[in-house]
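Structure record follows, encoded as structure tokens.
None of the figures in this text is laboratory data; all of them are computed from the coordinates on show. The structure presented is a predicted model; accordingly, all values stated were derived computationally and were not measured. A quick note on method: Cβ atoms are made from the backbone with ideal geometry, for glycine too, and the neighbour counts reach across all protein chains shown.
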Amino acid sequence: MSLIADWTADKARAFTRETLSFRHGLHERPMFTDEGLAEALDRYPREALGVFTMGEDPVAWDTWRRGVAGDLSGAQLLEAAKAGRIWLNLREANRHIPAYAALSDEIFADKADHVRGLKTFKRDVGLLISSADAQVFYHLDVAMVSLWQIRGEKRVWVYPVAEPFVTAETLEAIVLRESAEQFGYRPEWDAAAEVVDLTPGRMVSWAQNAPHRIENGSMLNVSLSVEFMTPAALLRANEIYANGVLRRRLGARPGLRTGGTVPALAKFALARAAKALKLQKPNPRVLPPTFRLDGARPGRLLPA
């Protein structure tokens, strides 16, 4: 039985290229009850857990702050998410928790069964547990992404992969890991966005590198962030990397082509060589922890 209930031939052809909405049944599984989530939080390596808080203004992306969970139990972390304004990110849960490894296999088998010729790798099934009214600021991902809603409601805005929503220089800086994935956003851009309201049992996917932002409804949210690469996505990422090298090293103003063209393949080779020679040194913005969660008072943030 398919995880996704409403595959169509048109959706299969457009998958990875357009913003698409699907129905699924994962929200009915016991692994996403309070007990199942607490168990996942206990099993997940504490040093890898992302703990974040943020402001309320969607423009003020610099209010995104990182924290630490300390020795709180999984149940305490879940209570903190219910009571506060935090975002818990369990990246690559499929590498650390057997149940999520099995779920990853199931998800990607379903996609491969319905999308002709789809080959995926660098698979990352992340578990997101976030508070009422929390948000993720305007950003983009290098990999392909689909977002599966399990509990709660959220609204997702997906923007075109074009100027002014993202410039070539910004895209290159993110791929070169010179900057974080978050960057400047203007509210008037919402008029050009595709808006998707996610409720339990809904999933959305979008084109590679599409900028997007997310706002939770007034309740606890649980989602899966499913990231992956395809051969075409890897080719595009390496072409962007090569363009960044050419712009920085030679002052060039390279363009970004689509498809497996000869210039794109040449840039792929250039990117691989540049990485091997370490011509570009990544200098990402690393957030120091500024708070810790209070185990005695769920939702309260203490100085780190």
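A straight line joining the Cα centroids of the range 199-233 and the range 45-104 runs 16 Å. Length available on full extension from Thr33 to Asp6: 0.36 nm per residue minus the Cα-Cα distance, which gives 7.2 nm. Each Cα pair under 8 Å and six or more residues apart adds its sequence gap; the mean of these over the residue count of the chain is a relative contact order of 24 percent.
From its DSSP helices (H runs of at least four residues, each -39,500 (n - 2.57)), the chain gives a residue-normalised ellipticity at 222 nm of -9000 deg cm²/dmol.
Assign one of three labels to the range 113-182, namely rounded, prolate or oblate, based on the Cα gyration tensor with a ≥ b ≥ c the square roots of its eigenvalues; rounded applies when a/c is under 1.5, prolate when it is not and a/b is larger than b/c, and oblate otherwise. It comes out oblate by the Cα gyration axes.
Which order results if Ser225, Ser21 are arranged by neighbouring Cβ count within 10 Å, fewest first? Intermediate values should be presented prior to the final figure.
Working: Ser225 19, Ser21 15.
So the ranking, lowest neighbour count to highest, is Ser21, Ser225.
Modelled this way, with points 7 Å down the Cα-to-C-beta line, the labels at Arg297 and Leu118 are 4.7 nm from one another.
What does the C-alpha gyration tensor say about the overall shape of the range 1-132? Classify as rounded when a/c is under 1.5, otherwise prolate if a/b is larger than b/c, or oblate. It is prolate, given that a/c is not under 1.5 and a/b is the larger ratio.
Distance between the C-alpha centers of the range 141-168 and the range 14-40? Whole Å please. The distance from the Cα centre of the range 141-168 to that of the range 14-40 comes to 17 Å.
Each residue, Leu256 and Ser21, gets one label point 7 Å from its Cα in the Cβ direction; the gap between the two is 2.6 nm. Please list log₁₀ I(q)/I(0) at q = 0.11, 0.12 Å⁻¹ for the chain, using the Debye equation with identical point scatterers on the alpha-carbon positions. Ignoring solvent entirely, the Cα scatterers give -0.70, -0.84.
Using the number of other C-beta atoms within 10 angstrom as an exposure proxy, rank Met31, Met144, Met229 with the fewest first. Walk me through the numbers on the way to the answer.
Numbers: Met31 17, Met144 23, Met229 20.
In order of increasing Cβ crowding within 10 Å: Met31, Met229, Met144.
Within 10 Å of each residue's Cβ, count the other Cβ atoms and sort Lys281, Lys275 from fewest upward.
Lys281, Lys275
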